[in-house]
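Asks: Structure below; questions to follow.
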Amino acid sequence: MPRTIPFSPPELKTPALETWTLRLKTITPMFGGSATPREVDPENPVRAASVRGHLRFWWRAVAGGRYASAKELFEAEEEIWGSDAIPGKVSIKVLEARASEPKPCCTYEHPRRDGGTELKTYPYFGEYPGYALFPFQGKARRDKQSGVITITEQPSKCLEEVSFTLCLSFPNYIKPQVEPAVAFWLKLGGIGARTRRGCGSLEIVEDSLPQNTKLESLLGRKANSLLTTVPIVCFVGEEKESPIQAWKEAVEVYKEFRQGKDYARDPGSNPKSAKLGRSRYPEPDTIREMFSQESWRHGVKHPVRGFPRADLGLPIVFHFQEEGPKDENFYLESNYSRGSRFASPVITKAMKKNNGYAPAIILLNAPHVWEAGNFTLRLRSDVHVIKENFVNLDRHSREHIPPLRMFGSKPIREALWDFIKSKGYQEVRL
């Protein structure tokens, strides 16, 4: 007698899936992004793994404050975006990727007025902001005896134009988690390397998003700011026609705060030369005093000892022109057990606005660098331990640092806020 099942087995319901398709393009040059670090791949310029990494970061920036511990944050991140052991719930596909031919980001052949070129020991970036691209500039040196200039390291290549279609698919119930991560990535992030300095910034060319998604509002198409409570401050300047112009202006404002003439540095002794004088921040003289055995041309005169700019990101590479150790750098790094790098809380970029592009400087609500412990300052094998009080300076010390004193002797991140606003940028709370 055949056996029969008296009732039907329960139906297994699969969660409803949300699918987004976006056509994107870069508006600033892209670096890296390939399987080989710091190299571009014009045949496969954007990888799904790279996109996932960027989305993970922005998800943490948006959602991190909701969790009581790092363990809870990791478990939630693993469930959504996956890990080595568990696949994530967000499927990411990159299709129809196209890129221009790789091109060096700079050259050591400087244009002359007569139409020719002249080889020099420092790079020429053209319309690009060199301050943002110094890790990619390569190296050149002049032989002191013969005067011959040799390029010892070629500049890195970039992709000036990249476009691709991004397809995201995920269960509908995690949409509130995915939506703001994607919005923040598109608005404030980018693709490839050095995105915090505005490389690889993105613009939406076309999308086929569901009507009920909030992504449009989050991207500022229907509002002046992102509709979220994430504690991030954004400063936006006047609209430009070109994204490169907007990017360059944002970078130049940040450069002026850190190294600008008559603000962060004294003018040079020769008014006809572009060479600047001594820093008004205390880091150079602190290094001169700690490494007094080196051959210094300048004496120590700054009244403060410390490294306040460390709270804007680590490592910091210090190079002294025409004094100190020849052709060698000092490195200030975190002594944190999980790594010496501490990503900058400052983003400088071009942002799509109306019919043009706006220079934007974003300050993330990131932990202070001293929360990870002490620091190390090293030259070759000579290492000095730098304690918190050398970075987290008290008010009395800040009063003797001219760039900070100009804005009420505030901590350096707050002084940066005030400096940006003094340049006419409007503050937008995101």
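Asks: Using amide H atoms built in the peptide plane, which far-off residues or other-chain residues are under 5 Å from Ile386 H to H?
Replies: Answer set, sorted by chain and number: Phe375, Thr376, Leu377.
Asks: Within 10 Å of each candidate Cβ there may be at most 13 other Cβ atoms; applying that plus a DSSP loop requirement, which trypsin sites (Lys or Arg not before Pro) in the range 362-421 survive?
Replies: Here the trypsin sites (Lys or Arg not before Pro) that fit, given the DSSP loop and packing criteria, are Arg380, Lys387.
Asks: What's the FRET efficiency of Glu109 with Asn329 using the Cβ-Cβ distance as r and R₀ = 25 Å, to the nearest 0.05?
Replies: Plugging the Cβ-Cβ distance into 1/(1 + (r/R0)^6) gives 0.50.
Asks: Sticking with this one: Starting from 0.36 nm per residue, how many nanometres of slack lie between Lys120 and Glu322 once their C-alpha separation is accounted for?
Replies: That pair, Lys120 and Glu322, stretches by 71.1 nm at full extension.
Asks: Can you give the translational diffusion coefficient of the range 51-153 in µm²/s, computed by Stokes-Einstein from the Kirkwood radius over Cα pairs at 10 °C and 1.306 mPa s?
Replies: Result for D is 86 µm²/s.
Asks: Can you figure out the FRET efficiency of Lys275 with His396, using R₀ = 41 Å and their beta-carbon distance, to the nearest 0.05?
Replies: In this case the efficiency is close to 0.80.
Asks: Next question, about the same structure. Give or take rounding to whole Å, what are the principal axis extents of the alpha carbon atoms in the range 300-430, in descending order?
Replies: Cα spread of the range 300-430 along its principal axes, largest to smallest: 53, 34, 31 Å.
Asks: Determine ³J(HN,Hα), in whole Hz, for all residues of the range 396-410 in sequence, where each value follows from phi through the Karplus function 6.51 cos²θ - 1.76 cosθ + 1.60 and θ = phi - 60°; x replaces Gly and Pro.
Replies: For the range 396-410, the Karplus curve yields 4, 5, 5, 5, 9, 10, x, x, 7, 4, 4, 10, x, 6, 7 Hz.
Asks: Are there any chymotrypsin sites (Phe, Trp or Tyr not before Pro) in the range 28-84 that are in a DSSP loop and have at most 16 other Cβ atoms within 10 Å? List them by number.
Replies: Tyr67
Asks: Would you mind computing, in nm to one decimal, how far apart the modelled labels at Glu101 and Asn172 are, each placed 7 Å from Cα along Cα→Cβ?
Replies: Once both label points are built, they end up 5.0 nm from each other.
Asks: Which loop-located GluC sites (Glu not before Pro) does the range 363-400 contain, where loop means any DSSP state but H, G, I, E or B and the Cβ has at most 16 other Cβ atoms within 10 Å?
Replies: For GluC sites (Glu not before Pro) across the range 363-400 that sit outside H, G, I, E and B with at most 16 neighbouring Cβ atoms in 10 Å, the list reads Glu399.
Asks: Each residue of the range 417-428 in turn: what ³J(HN,Hα) in whole Hz from Karplus with 6.51, -1.76, 1.60 and θ = phi - 60°, glycine and Pro shown as x?
Replies: Residue by residue, the range 417-428 yields 4, 5, 4, 4, 5, 5, 8, x, 7, 8, 8, 10 Hz.
Asks: Per 10 Å bin, what is the whole-percent P(r) computed from every C-alpha pair distance within the chain?
Replies: Cα pair-distance distribution for the chain, in percent: 4, 18, 28, 26, 15, 6, 2, 1, 1, 0, 0.
Asks: Quick one: which residues, 5+ away or cross-chain, put their amide H under 5 Å from the amide H of Glu39? H built at 1.01 Å from N.
Replies: Those lying under 5 Å, H to H, from Glu39 are Gly32, Gly33, Ser34.
Asks: Okay, next question. Write down the accessible area per residue of the chain in Å², having rolled a 1.4 Å probe over the full set of protein chains.
Replies: Heavy-atom accessible area per residue stands at 53 Å².
Asks: Over the Cα atoms of the range 100-193, what is the Rg over Rh ratio if Rh follows Kirkwood?
Replies: That ratio equals 1.21.
Asks: Please report, as a whole percent, how much of the solvent-accessible surface of the chain comes from carbon and sulfur atoms (probe radius 1.4 Å).
Replies: Carbon and sulfur together cover 48 percent of it.
The values are calculated or read from the model by the stated rules, or taken from the named source; none is laboratory data. Remember, it's a predicted structure, so these values are computed and weren't measured experimentally. We place every Cβ from the backbone using ideal geometry, glycine too, and count neighbours over all the protein chains shown. With ligands, DNA and RNA removed, areas are computed over all heavy atoms of the protein, side chains included. Shrake-Rupley method; radii C 1.70, N 1.55, O 1.52, S 1.80 Å.
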